[in-house]
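A.B. asks: Questions regarding the structure given below will be posed in turn.
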Amino acid sequence: MTAPPPDPSDATPKTLISQGAEALVYRTTFLVPTLPALLKHRPRKTYRHPTLDARLTKHRVLSEARLLVRARGLGIPVPAVYFVDEANGSIFMEWIDGSSVRQVLDAILASPGGEGKVDAMMVRVGEAVGRLHKADIVHGDLTTSNLMVRKVGGVEEQEGGAGEVVLIDFGLGQVSTQEEDKAVDLYVLERAFSSTHPKAEKLFEDVLSAYGRSWKGGKTVLRRLQDVRMRGRKRSMLG
Amino acid sequence: MIALGLEGSANKLGVGLIKHTPGQPAEILSNIRHTFVSPPGEGFLPKDTAKHHRSWVVPLIKRALKESGTRVQDIDCICYTKGPGMGAPLQSVAIAARTLSLLWGKPLVGVNHCVGHIEMGREITGADNPVVLYVSGGNTQVIAYAEQRYRIFGEALDIAVGNCLDRFARTLHIPNDPAPGYNIEQLAKRGQHLLDLPYTVKGMDCSFSGILAVVDSLATQLLTSHPKPLLTPSGEPVTKEDLCFSLQETVFAMLVEITERAMAHVGSSQVLVVGGVGCNERLQEMMGLMAAQRGGSVFATDERFCIDNGIMIAHAGLLAYGEGERTPLEGSTCTQRFRTDEVLVRWRK
Ligand SMILES: Nc1ncnc2c1ncn2[C@@H]1O[C@H](COP(=O)(O)OP(=O)(O)O)[C@@H](O)[C@H]1O
Ligand SMILES: [Mg+2]
């Protein structure tokens with residue numbers, strides 16, 4: 001006999017913490033009021049044809065859940081998945097106590113001499129992405145908002161110190177062995193860095209060198225990244 | 001201050017005259033255009049396009065001056081498209097600009113085509129600090145302003161969305177007159193079935209070559225019924241209209257999605273759509289629905305400003321001129337590659 005599925009929508013209040021690009025993200029609890037959890041719900045997009053919308057939402061919820069489970073099984077730092085309801089477009093997952101790399105960067109860089117303090121965090125970002133790619137998982141939406149830094153001992157990341165870097169938001173991810181896909185992942189992250197943190201552009205070099213050292217195929221992907229960049233420049237040929 | 005603007009980076013030759021008075025909206029004195037239309041099934045070649053521009057530039061400038069009653073001595077500067085665009089057509093217009101500059105003794109201002117679209121869109125719609133989707137035959141970019149530059153947050157990783165639509169139109173023998181995208185839009189209105197097409201979004205970037213390959217081969221199958229007639233999964237015949245509809249619904253959903261990602265990323269709820277594809281009313285409608293869900297709104301312009309034109313070059317050029325920018329004759333070159341984020345935007349805070 002199987003136990004009835006848990007009712008995740010238990011009476012716990014939900015607090016909306018972000019309206020991201022596709023999802024409404026709530027802080028809530030799961031099963032017991034003492035287990036904090038994150039509820040990620042992808043509402044219908046009225047602008048899309050209903051058939052296309054249903055296809056995309058289902059695909060993304062399932063691939064996000066699958067990739068989180070796969071990554072977690074390999075020891076890559078990602079939130080644990082608690083419950084998936086793909087028909088309704090929602091996932092319950094582990095609540096990560098911390099802030100996004102984006103927030104940490106903005107806070108640190110705003111203080112004088114901040115740049116020197118984030119080196120260690122950049123290295124950990126490069127290593128985290130390296131581990132993901134080593135496992136043939138391509139993220140598909142690498143930005144500084146989709147990387148979180150855990151609080152250490154309940155303290156906010158400030159010195160770019162020891163907090164673990166956690167990868168989130170895998171809805172556009174896929175399993176791929178292709179160097180090209182991995183290089184595009186880095187290209188997306190590179191441009192997220194330069195457009196979001198114009199002052200931190202050169203910090204990205206630290207991310208890349210840590211990435212290159214972190215796994216065997218890293219150097220080849222970095223070479224491929226050069227090609228992807230070149231294509232980016234050539235692309236702007238027509239008005 | 002009055003500027004003359006000359007645009008010819010693709011198959012439209014545009015001439016515009018604009019007047020800026022401090023504290024007032026810009027005044028459009030003239031905005032006229034002549035388009036080089038290639039036969040169905042063909043794209044426009046640089047050489048023929050350049051020839052078209054050379055033969056029309058003088059009559060168009062004369063007409064703009066005459067229609068608006070502008071005298072040469074009232075003009076402060078001559079603005080031309082420096083790039084990006086097709087080499088030969090850009091050059092033919094740059095030569096016209098240099099000639100007038102020498103003849104009339106007026107300074108030149110070279111303008112980035114994309115920045116021209118953005119500034120004109122902002123001026124016409126009043127959108128103050130929107131996320132900008134710039135979609136045309138040669139460009140697909142999601143842009144937001146930060147620290148004196150228009151920064152590119154997302155773009156098409158391979159071909160531009162307009163290029164995808166134009167090439168599909170050629171395969172299906174959809175006429176280029178007035179524009180392939182316009183004709184696809186009209187056909188799509190009568191489409192019934194949504195076919196499953198590849199949907200490729202990577203972060204704030206997207207890709208159109210995969211969907212083009214699939215829809216192109218479907219178009220060929222539709223025209224030839226080879227190796228078998230094209231049917232929907234439920235067995236009904238697929239029409240031209242269905243193909244146009246499916247292509248539009250899918251590529252526009254990708255565009256709206258990457259725009260929404262950028263809006264979420266920078267925390268903005270305004271979006272401005274510019275560039276030729278931005279005239280498409282279905283795209284505008286979808287963008288409006290998305291913006292409304294985020295508590296914001298969409299800004300768009302009609303074909304006078306969306307489609308390449310001279311007034312936007314005059315406008316952006318005059319903004320730069322007002323900040324003291326001049327392009328010396330020796331430096332009045334043009335360039336096929338000229339990224340939006342290369343321009344230092346002095347006129348904004
Ligand atoms: N497991 C989590 N624990 C805590 N906060 C999270 C977690 N997942 C996401 N967040 C926060 O919510 C934001 C949006 O979540 P994300 O999964 O990236 O959705 P979207 O697709 O809308 O970007 C993140 O940038 C992060 O700040
Ligand atoms: Mg996210």
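A.B. asks: Roughly how crowded by other chains is peptide B:268-281, in terms of the mean Cβ count from those chains within 10 Å of each of its Cβ atoms?
C.D. replies: Per residue, the average neighbour count from other chains is 0.
A.B. asks: Beyond 22 Å, what share of the Cα-Cα pairs of the range B:126-305 is found? Please give it as a whole percent.
C.D. replies: When all Cα pairs of the range B:126-305 are counted, 43 percent exceed 22 Å.
A.B. asks: Can I ask one more? P(r) for the range A:15-94: what percent of alpha-carbon pairs falls in each 5 Å bin, starting at zero?
C.D. replies: Percent of Cα pairs in each bin: 3, 16, 23, 23, 19, 10, 4, 1, 0.
A.B. asks: Quick one: grab the alpha carbon gyration tensor of the range B:97-191, order the square roots of its eigenvalues as a ≥ b ≥ c, and give me rounded if a/c is under 1.5, else prolate or oblate depending on whether a/b is larger than b/c.
C.D. replies: oblate
A.B. asks: To the nearest 10 degrees, how steep is helix A:119-134 against the longest Cα principal axis of chain A, on a 0 to 90 scale?
C.D. replies: Roughly 70 degrees between the two axes.
A.B. asks: Further question: Only helical DSSP H runs with n ≥ 4 go in: add -39500 (n - 2.57) per run for chain A, normalise by residue count and round the 222 nm mean residue ellipticity to 500 deg cm²/dmol.
C.D. replies: -13500 deg cm²/dmol
A.B. asks: Quick query: amide H of residue B:75 versus all other amide H atoms, modeled in the peptide plane; which residues come in under 5 Å with a sequence gap of 5 or more or a different chain?
C.D. replies: none
A.B. asks: Mean shadow of the range A:64-206, computed from the convex hull of its alpha carbons, in nm²?
C.D. replies: Mean shadow area of the hull around the Cα atoms is 8.7 nm².
A.B. asks: Taking the dipole about the Cα centre of the protein assembly as shown, with the C-beta of Lys and Arg at +1 and of Asp and Glu at -1, give me whichever of A:146, A:34, B:312 is farthest to the positive side.
C.D. replies: B:312
A.B. asks: I would also like to ask the following. What is the angle, in °, between the Cα long axis of helix B:310-322 and the longest principal axis of the Cα atoms in chain B? Nearest 10 is fine, range 0 to 90.
C.D. replies: So the inclination is approximately 50 degrees.
A.B. asks: Could you tell me the extents of the protein assembly as shown's C-alpha atoms along the three principal axes, largest first, rounded to whole Å?
C.D. replies: 86, 67, 46
A.B. asks: Peptide B:76-89: average number of partner chain Cβ atoms within 10 Å per residue?
C.D. replies: What the average comes to for B:76-89 is 1.
A.B. asks: Also, I was wondering about something else. Could you tell me what percent of the DSSP beta bridges with both partners in the range B:126-305 are antiparallel, to the nearest 5?
C.D. replies: That works out to approximately 60 percent antiparallel.
A.B. asks: What number, rounded to the nearest 500 deg cm²/dmol, is the helix-based mean residue ellipticity at 222 nm of chain B, given -39500 (n - 2.57) per DSSP H run of at least four residues and division by all its residues?
C.D. replies: Roughly -13500 deg cm²/dmol at 222 nm, from the helical runs in chain B.
A.B. asks: Here's a follow-up. Could you work out the mean count of beta carbons from other protein chains within 10 Å of each residue's beta carbon in B:159-169?
C.D. replies: For this peptide, the per-residue mean of nearby foreign Cβ atoms is 1.
A.B. asks: Something else now. Find the all-direction average of the projected area of the Cα convex hull for chain A, expressing the result in square nanometres with one decimal place.
C.D. replies: Averaged projected hull area, Cα only: 16.2 nm².
A.B. asks: Something else now. Any idea what the alpha-carbon Rg over 2.2 N^0.38 Å comes to for the range B:49-129?
C.D. replies: 1.20
A.B. asks: If you build a Gaussian network model of chain B, linking Cα atoms that sit under 10 Å apart, which residue out of B:76, B:128, B:205 swings the most?
C.D. replies: B:128
A.B. asks: I'd like the antiparallel share, as a percent to the nearest 5, of DSSP beta bridges with both residues in the protein assembly as shown.
C.D. replies: 75 percent
A.B. asks: May I ask you to give the solvent-accessible area per residue for the range A:15-94, in square angstrom, as obtained with a 1.4 angstrom probe?
C.D. replies: Here the residues of the range A:15-94 average 45 Å² of exposed surface.
A.B. asks: Okay, moving on. Give the long-range amide H neighbours of residue B:145: residues separated by 5 or more places, or on another chain, with amide H under 5 Å away, using H modelled in the peptide plane at 1.01 Å from N.
C.D. replies: When sequence neighbours closer than 5 places are left aside, the close amide H contacts are B:151.
A.B. asks: Let me ask something else. May I ask you to evaluate 6.51 cos²θ - 1.76 cosθ + 1.60, the Karplus curve with θ = phi - 60°, for each residue of the range A:15-20 and list the ³J(HN,Hα) values in order in whole Hz, giving x for glycine and proline?
C.D. replies: With the stated coefficients, the range A:15-20 comes to 10, 5, 10, 7, 9, x Hz.
A.B. asks: Just to be sure I understand: if I project the alpha-carbon convex hull of chain B onto a plane and average over all orientations, what area do I get in nm²?
C.D. replies: For the Cα atoms of chain B, the hull's average projected area reads 17.5 nm².
A.B. asks: Among all cysteines in the protein assembly as shown, which have no other cysteine Cβ under 4.7 Å from their own Cβ?
C.D. replies: For the protein assembly as shown, the answer is B:77, B:79, B:114, B:164, B:206, B:244, B:334, because their Cβ atoms have no other cysteine Cβ under 4.7 Å.
A.B. asks: Further question on the same structure: Quick one: of A:199/B:349; B:47/B:82; A:182/A:216; A:117/A:202; A:117/A:182, which pairs are farther than 22 Å apart, Cα to Cα?
C.D. replies: From A:199/B:349; B:47/B:82; A:182/A:216; A:117/A:202; A:117/A:182, over 22 Å: A:117/A:182.
The values are calculated or read from the model by the stated rules, or taken from the named source; none is laboratory data. Not measured: the values here are computed from a predicted model. Virtual Cβ from ideal backbone geometry, glycine too; neighbours counted across all protein chains shown. Remember, those area values only see protein heavy atoms, side chains included, never the ligands or the DNA or RNA. Shrake-Rupley method; radii C 1.70, N 1.55, O 1.52, S 1.80 Å.
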